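Chemist: Take a look at this one; I'll ask things after.
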Amino acid sequence: MRRPALIIPSVAVIAVLVAAWWVLVRVTDNAIFPTPLQVVTGMWELVKDGSLWEHIGASLFRVGAGFLLAVLFAIPLGLWMGWVRGAYSTLNPLFQILRPISPIAWIPIAILWFGVGNASPIFLIFISSIFPMIVQTTAGVHTIERRYLRAAANFGVSRYTVFRRVVIPAVMPQIVVGMRIGLGVAWLVVVAAEMVALRSGLGYLIIDSRNAGNRYDLVIAGMIIIGLIGLSLDGAMRLMEKHRSVRWRYAS
């Protein structure tokens with residue numbers, strides 16, 4: 001009974017917002033902005049012709065590919081920067097310069113390097129999600145209790161064994177947090193990333209619906225779908241916090 005009780009307030013807030021949306025559109029007699037019913041009708045139109053699943057699949061593929069590449073680069077690099085002081089002092093200033101740059105600013109570079117196709121949005125998603133994971137992983141190594149490392153050294157444990165048996169387990173919660181943030185950012189920039197994609201993806205759906213006949217019902221439908229998928233992805237990442245290698249960091 002506890003979980004349904006926690007969901008009810010959220011559902012109530014959403015219902016109030018949808019009702020307010022409908023009332024405002026009716027009161028203002030806006031001929032362009034759609035009502036909730038028109039958005040649902042437009043979404044059903046996409047479901048019937050099968051294009052919705054094509055767009056969702058294309059976006060998930062690009063986000064998944066870009067995010068996976070970022071994980072493969074960011075976690076080893078973050079561990080190395082956290083473990084080797086010289087690597088941190090050398091690379092950290094560069095990453096702190098690149099990290100604040102908006103992924104949208106990389107669009108011309110992506111087109112120049114990779115052309116118009118899947119590679120460009122995958123690169124944009126990669127560049128947007130790699131930095132949170134590097135920062136979190138590096139910070140996780142830096143926050144390890146030094147007494148653990150000193151105790152291992154006193155027993156003559158090799159640096160490799162300390163790294164494998166102490167550092168990696170200790171930093172796993174931070175890695176999961178970094179992955180969760182990185183995936184959220186990756187999904188956040190899907191619209192900007194798919195501005196340079198081929199004729200598919202939720203970002204393309206939103207932009208094309210706006211440019212081809214002011215179909216704002218499909219624009220809002222695409223935004224809602226992006227939000228719902230983002231919620232599902234975040235929920236999937238939160239499940240990783242329950243893994244036994246990470247669970248020790250969180251209260252039950």
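We did not get these values from a lab; they are worked out from the coordinates using the rules stated. All of these numbers come straight from a predicted model, not from anything done at the bench. FYI the Cβ positions are ideal-geometry reconstructions off the backbone, even for glycines, and counts take in every protein chain you see.
Chemist: Using the alpha carbon gyration tensor of segment 187-232, what are the three equivalent-ellipsoid semi-axes (square root of 5 times each eigenvalue), largest first, in whole Å? If you can, show how the numbers build up before the last one.
Modeler: Values: eigenvalues 56, 37, 8 Å².
Listed largest to smallest, the semi-axes of segment 187-232 are 17, 14, 6 Å.
Chemist: Another question, then. Most mobile of Leu228, Leu218, Leu239 per a Gaussian network model of the chain (Cα springs, under 10 Å)?
Modeler: Per the Cα network of the chain with a 10 Å cutoff, Leu239 tops the list.
Chemist: Roughly how compact is the chain, stated as its Cα Rg over 2.2 N^0.38 Å to two decimals?
Modeler: Details: Rg = 22.4 Å, N = 252, 2.2 N^0.38 = 18.0 Å.
Compared with the compact-globule rule of thumb, the chain sits at 1.24.
Chemist: Zone of Ile109 (label point 7 Å along Cα→Cβ, backbone N under 18 Å): which residues in segment 69-103?
Modeler: Only 69-71, 73-74, 91-103 pass the distance filter.
Chemist: From zero outward in steps of 10 Å, how is the percent of C-alpha pairs of segment 1-148 spread across the bins?
Modeler: Using 10 Å bins, I get a P(r) of 10, 21, 21, 26, 17, 6, 1 for segment 1-148.
Chemist: Can I ask one more? Just need the relative contact order of the chain here, percent rounded to a whole number, with Cα pairs under 8 Å and 6+ apart.
Modeler: On the way: 271 pairs, mean separation 61.3, N = 252.
It comes to 24 percent, rounded to a whole number.
Chemist: OK, next. Within the chain, what's the longest stretch lacking trypsin sites (Lys or Arg not before Pro) that sit in DSSP loops with no more than 15 other Cβ atoms inside 10 Å?
Modeler: On the way: sites that count: Arg199, Lys242, Arg244.
By the stated rule (loop sites, at most 15 other Cβ atoms within 10 Å), 1-198.
Chemist: Over segment 155-202, consider all pairs of different Cα atoms and compute the Kirkwood hydrodynamic radius from their mean reciprocal separation; express it in Å, one decimal. Write down the numbers at each step before the final one.
Modeler: Details: mean 1/r = 0.0727 Å⁻¹.
Its Kirkwood hydrodynamic radius stands at 13.8 Å.
Chemist: Here is a further query. At what distance in nm do the modelled label points of Val16 and Glu45 sit from each other, each positioned 7 Å from its Cα along Cα→Cβ?
Modeler: Once both label points are built, they end up 3.2 nm from each other.
Chemist: Sort Met179, Met223 so that the residue with the fewest other Cβ atoms within 10 Å of its own Cβ comes first and the one with the most comes last. Write down the numbers at each step before the final one.
Modeler: Values: Met179 22, Met223 15.
Neighbour counts put them in this order, fewest first: Met223, Met179.
Chemist: Then there is this: Taking the number of other C-beta atoms within 10 Å as the exposure measure, put Tyr160, Tyr216 in order starting with the fewest. Walk me through the numbers before you get to the answer.
Modeler: Numbers: Tyr160 8, Tyr216 18.
Ascending Cβ contact count within 10 Å gives the list Tyr160, Tyr216.
Chemist: While we're here: Measure nothing but the geometry: give the 0 to 90° angle between the long axis through the Cα atoms of 85-98 and the longest principal axis through the Cα atoms of the chain, rounded to 10°.
Modeler: Approximately 20 degrees, to the nearest 10.
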